[in-house]
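Asker: Got a structure here, written out as structure tokens. Questions coming.
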Amino acid sequence: MTRSISRVADPFELRGGVLHCEDVPLPEIAASVGTPVYIYSSLAMRDHARALREALSGLGDPLIAYAVKANPNAAVIATLGAEGLGADIVSGGELARALAAGIPADKIVFSGVGKTREEMGQALEAGICQFNLESGAEAELLSEVATALGREARAGFRVNPGVEPGTHAKISTGAAESKFGIQASEALAEYAKAAALPGLRMQGIAVHIGSQLTSLAPFEQAFATVGALIAELRIAGHDITLADLGGGLGVRYDPAPPAPPSPADYGAMVERLTRGWDVRLVFEPGRFLVANAGVLLTEVIRVKPGVTHPFVIVDAAMNDLMRPTLYDAWHAIEAVRPSGRRITTNVVGPVCETGDTFALAREMDAVEAGDLVVFRSAGAYAATMASTYNSRPLTPEVLVDGDKWAIIRPRIDVARLIAGDVIPEWLAHD
Ligand SMILES: *Cc1c(COP(=O)(O)O)cnc(C)c1O
């Protein structure tokens, strides 16, 4: 069976004993930009986009809308936009970013449970492809905003199929008790109400059950629900022309099983489940496109003895990469110049929280103070969640393309952080 990243070359490889991103040795970036720093491979993003497009090529002309929240850097969006991808957005900020990065409005879909009047107005003015509505109240508000602007809003409901996707609870969105979407059992009634509202064209239906899915079964269940609903909605007189199947395809973080489904397996499953639907399909991949296109490069500050294992203290912390503490996520940790010697160690950052732990009892390359180390698979849900907690500078990002590289977000240093604070007059001292 074809499996995961097998078809996509790994752009991070050892050359002459030194880890490179494409043709650029990572120590060159560290020497110039400092650490910690996120580094992304253009080649990997393009490869993932092409692998997915190829896997979905039997489905007519699907819209592949990159889920911007996975990595919203303008250079990342532009890289994927150049591959013909659209954007799945969840806020007015993401709308602005997608448009600024050159994504055509008619390739943008808007998801999220809390769209405001202002955000709806902005998206309507831009002329996006579809609003994925998550409640009847949202449909009413969108109708109001569209009518006031003299525009027609193309919309569909996001349906909650009541499926347990078998992923981490914090990234599971399709279970019956989740805040997302409307219940499938209420869909007919909600569509009937929404279709009667002025300014709304209920053209679509959407589903997204969660992220980092490592099995196809939950997708199949969800898509079967959508297929049945399309048939029922048509019988009720709704002209459904678009079905948005969401994102969620998992990626390989850990070489240990379970391996996520390959794009080809996913595509074949979609083809089987959607046969005869007679709609344009939309996909909203995020993680799949960017996770394995990025690393977080960090330097070892010191190695400190521990009771059971030593602590490798690196200059990246939970504020730079939150996934381990937020989702119990596992990231491969590798030395940039591996000696071949291995150690078992805890890997931690300098932040004053026990949660600032990247790995416990991890077997990894032996490292010492001053050595460079990478966290792999750090292209998705990583830099975008970075904060300046503990008054740490905001992590910079670098994009590599062949032997070229550029800073795509500079480090926001402590002087700039302080400059953003305002001391009110009554506290000012002379
Ligand atoms: C987050 C999200 C996605 C992307 O999920 P991935 O697991 O990164 O593919 C797609 N659609 C919606 C509605 C989302 O909220």
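The values are calculated or read from the model by the stated rules, or taken from the named source; none is laboratory data. Computed from a predicted structure; not experimentally measured. We place every Cβ from the backbone using ideal geometry, glycine too, and count neighbours over all the protein chains shown. Areas reflect the complete protein model, heavy atoms only, side chains present, ligands, DNA and RNA absent. Shrake-Rupley method; radii C 1.70, N 1.55, O 1.52, S 1.80 Å.
Asker: I'd like the residue in region 288-305 that is open to solvent by 10 Å² or more (accessible area, probe 1.4 Å) and within 22 Å of M45 (Cα to Cα) and, out of all such residues, is farthest from the ligand (Cβ to nearest atom). If you could, list the steps in order and put the result at the bottom.
Answerer: Residues of region 288-305 that are open to solvent by 10 Å² or more (accessible area, probe 1.4 Å), as a first pass: 288, 292, 299, 301-305.
Right, trim to within 22 Å of M45 (Cα to Cα) and you get 288, 292.
Values: F288: 6, N292: 12 Å.
The residue in question is N292.
Asker: If you check every pair at least six apart or on different chains, which have Cβ atoms under 6 Å apart with a residue in region 278-305 that is farther than 30 Å from I407 by Cβ first and a residue that is in a strand (DSSP E or B) and away from the ligand (no atom under 12 Å from the Cβ) second?
Answerer: V279/L242; V279/A243; R280/L242; L281/A243; V282/L63; K304/F311
Asker: Does F311 qualify as being within 16 Å of the ligand (Cβ to nearest atom), out of contact with any Cys (no Cβ under 9 Å at 6 or more places or on another chain) and aromatic (F, W, Y)? Spell out the reasoning first.
Answerer: Details: within 16 Å of the ligand (Cβ to nearest atom): no; out of contact with any Cys (no Cβ under 9 Å at 6 or more places or on another chain): yes; aromatic (F, W, Y): yes.
For F311, the condition - within 16 Å of the ligand (Cβ to nearest atom), out of contact with any Cys (no Cβ under 9 Å at 6 or more places or on another chain) and aromatic (F, W, Y) - is not met.
Asker: Related question: Of everything in region 115-162 that's among the basic types (K, R) and not in a loop (DSSP other than H, G, I, E, B), which residue is nearest to L245 (Cα to Cα)? Spell out how you get there, then give the answer.
Answerer: So in region 115-162, the residues among the basic types (K, R) come out as 115, 117, 151, 154, 158.
Filter again for not in a loop (DSSP other than H, G, I, E, B), leaving 117, 154, 158.
Details: R117: 25, R154: 17, R158: 10 Å.
Filtering first and then ranking leaves R158.
Asker: Hey, another quick one. Going by what's in this entry, would A87 be described as within 15 Å of the ligand (Cβ to nearest atom), assigned to a helix (DSSP H, G or I) and in contact with a Gly (Cβ under 9 Å, 6 or more places away or on another chain)? It would help to see each step written out before you state the result.
Answerer: Details: within 15 Å of the ligand (Cβ to nearest atom): yes; assigned to a helix (DSSP H, G or I): no; in contact with a Gly (Cβ under 9 Å, 6 or more places away or on another chain): yes.
No.
Asker: Could you tell me whether any residue of region 239-247 is open to solvent by 10 Å² or more (accessible area, probe 1.4 Å) and touching a helix residue (DSSP H, G or I) at 6+ places or on another chain (Cβ under 7 Å)?
Answerer: no
Asker: Looking only at residues that are part of a loop (DSSP other than H, G, I, E, B) and without any contact (Cβ under 8 Å) to a residue 60 or more places away in the chain in region 313-351, which one is surrounded by the most Cβ atoms within 10 Å (Cβ to Cβ)?
Answerer: For region 313-351, the residue satisfying everything is G349.
Asker: Which pairs do you get when a residue that is over 20 Å from S211 (Cα atoms), found in region 180-193, comes within reach of a residue that is basic (K, R) and open to solvent by 60 Å² or more (accessible area, probe 1.4 Å), reach meaning Cβ atoms under 8 angstrom, with the pair 6+ apart or on two chains?
Answerer: Note: no pairs meet the criteria.
Asker: Does region 154-178 hold any residues that are free of Cβ contacts under 8 Å to residues at least 24 places away in the same chain, open to solvent by 60 Å² or more (accessible area, probe 1.4 Å) and within 25 Å of A194 (Cα to Cα), and which are they?
Answerer: E177
Asker: Of all residues in region 212-237 being farther than 17 Å from E271 by Cα and buried (at least 21 other Cβ atoms within 10 Å of the Cβ), which is farthest from the ligand (Cβ to nearest atom)?
Answerer: My answer is L233.
Asker: Identify, please: which residue in region 53-83 is in a helix (DSSP H, G or I), without any contact (Cβ under 8 Å) to a residue 60 or more places away in the chain and closer than 28 Å to R409 by Cα and is, among those, nearest to the ligand (Cβ to nearest atom)?
Answerer: For region 53-83, the residue satisfying everything is I77.
Asker: A further question follows. If the requirement is being in the same structural domain as L229 (by TED's automatic domain parsing) and within 13 Å of the ligand (Cβ to nearest atom), which of these qualifies: G267, G248? Write out each step before concluding.
Answerer: On the way: G267 fails: within 13 Å of the ligand (Cβ to nearest atom).
Just a single option satisfies the conditions, and that option is G248.
Asker: In the list E22, E83, which residue meets the criterion of being acidic (D, E), at pLDDT 95 or above and assigned by TED's automatic domain parsing to the domain that holds D413?
Answerer: E22
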